[in-house]
Amino acid sequence: MSVLTLLALPVPGLADFQEAPELAHIYYPRNACESDYIEVQVWNVREDSWYPHAEHSLVPVETCQLEDPGLLLNAIRWRCDEPDLASDEGWFVGLNIFDPAIVSSCEVGALAGPAPRTEIHVARPESGAEMRSESPVTTLEGSVRIEGIEGVDYDVVIAIDRSADGDAPDQRLRAQVEAARSWLRSVEDRLGSVRVGIVSYPDVEPYQPPAARVHAAPTANKLLLERALDNVLSRGVAGDPAFLTGLGSALDLLVPAYEARTRPRARPHVLIGIDGAAPPHTDTAVRPDFAVRTQELAERAQRAGVRVHLYALAGVAEEAGPVARDFVETSMGSFERVSVDRLATPFFASATLPTPKAVVIVNPRTQGVTVAKLDSAGRFRAEVPVLSGPNPLEVVATTSDDLSESLDWLVRYDDTLAQRHRLAAERERMRATRGKRIDIEAEARTLAADPWNEAAPGPVTVQ
């Protein structure tokens, strides 16, 4: 269970004289707790008593938090969140700041490039176009495009690090394979529009430089992918870190397809596991040629639209160095540290493949919200009620990762045909009610009160 880092409660009267403490990332393990939350309190010197933490008195287990180092020894206390405990039972005072797991297992320095760009394309009607119809409704048709591409196709390569150096190489290898299996299960119902390839590196052969092994080119065959992961695991760990080799092989599976336009609507991604104690995420002993070659691969990925997601496994928790930062910025991908305690989690899940989720159209004049019909490829169609004159519509699209984009679209409605239709219907009604007096002022008053109406008629009385 995780004990979250606690910030001291403010002491009245001293706030203006104290500088904000320099905070540190601290990891709180599960310890002996069976519950998924822990309760945290801090010592208030002024009141000479323990008080619930002001920011997070109840926190989830196995998390990292920013902590004031001055509190760690004896100014915080924590206990498992168990409802039967009395107010003074089960508390542990302080944290073991000499335990490396506490001070070096936190994820810090996560980096992310720009979110996938969502665009709304309206095919018809044109913005500002004037339409006429007997019914005050306009048909809006278009599509939601992600990364400028219509559809829901993706090509993904998972590159697994088999290097034997660094911390817990066997554990790293198993963790990557299991995380890959979990990620495959999450996209299983999308296989077909989503294709996945499996690469491992280094592939060490006697008397040859390290290379990478392609276990499966991008495919929608789940059984083939499962066998590929089995093969990666069975080969075990071997060789020195070879990030450039692994990434280069992954790009070799994606870039030619992009250049040949064999899958013109497939958005390419690479998920690559790397030793958390080796470059490019740490800059220790980085040779200048390594940095240059890393940037060359990032630029190659950028030209082909490949987003590269780096997962630094185990190793020391520290901020990403300039090589990693430049790489993420260029490739528009991401960088994430996976601490030893998180190796058993499905960490590849952070690499999402967003799809269009919903489209709604808002017309402020009618105060109506229309939910469009959205097909599996992201194309939408909606029948939107309108009023005479200009209708400033707002089209709002939401993707599966809960990001939204909006587009303003103007539709002008000429209700001449609609009025003719209503008058014809009224004449028929009058013939049926011969001699009876009918007032039809209500609609005219409504139109006259509408500030957007360009031609509001006055009241009409028919006898």
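The values are calculated or read from the model by the stated rules, or taken from the named source; none is laboratory data. Since this is a predicted model, take the numbers as computed values, not measurements. Neighbour counts are summed over all protein chains in view; Cβ atoms, including those assigned to glycine, are modelled from backbone coordinates with ideal geometry.
Note on segment 58-86: residues that are in a loop (DSSP other than H, G, I, E, B) and either modelled with pLDDT under 85 or of a type in the set (Asp, Glu) (or both) amount to 10.
Condition (residue is more than 23 Å from Thr294 (Cβ to Cβ) and assigned to a strand (DSSP E or B)) applied to segment 218-227: is it met by at least one residue? Looking through segment 218-227, at least one residue is more than 23 Å from Thr294 (Cβ to Cβ) and assigned to a strand (DSSP E or B). The set of residues in segment 175-203 that are assigned to a helix (DSSP H, G or I) and without any contact (Cβ under 8 Å) to a residue 60 or more places away in the chain comprises Val177, Arg181, Leu184, Arg185, Glu188, Asp189. Residue-level analysis places Ala358 outside the set of residues that are aliphatic (A, V, I, L, M) and either in a helix (DSSP H, G or I) or more than 18 Å from Val122 (Cα to Cα) (or both). Exactly one residue among Ala238, Ala212, Ala164 is modelled with pLDDT under 95, closer than 22 Å to Gly276 by Cβ and in a strand (DSSP E or B), and that residue is Ala212.
Being part of a strand (DSSP E or B), modelled with pLDDT of 90 or more, in contact with a Gly (Cβ under 7 Å, 6 or more places away or on another chain) and closer than 30 Å to Ala242 by Cβ: is that true of Val122 here? So Val122 does not fit the description; no. Anything in segment 263-289 that is out of contact with any Phe, Trp or Tyr (no Cβ under 9 Å at 6 or more places or on another chain) and at pLDDT 85 or above? List them, or say none. Result: Arg263, Arg265, Val270.
When the residues of segment 336-350 are filtered to those that are crowded, with 19+ Cβ neighbours inside 10 Å and at pLDDT 90 or above, the one that is farthest from Arg307 (Cα to Cα) is Phe347.
Considered as a group, the residues in segment 351-369 that are among the polar types (S, T, N, Q) and without any contact (Cβ under 8 Å) to a residue 60 or more places away in the chain include one that is surrounded by the fewest Cβ atoms within 10 Å (Cβ to Cβ), and that residue is Gln367. Contact map, segment 324-342: first residue free of Cβ contacts under 8 Å to residues at least 12 places away in the same chain, second residue of a type in the set (A, V, I, L, M), Cβ cut-off under 8 Å, separation 6 or more or different chains; the map is empty.
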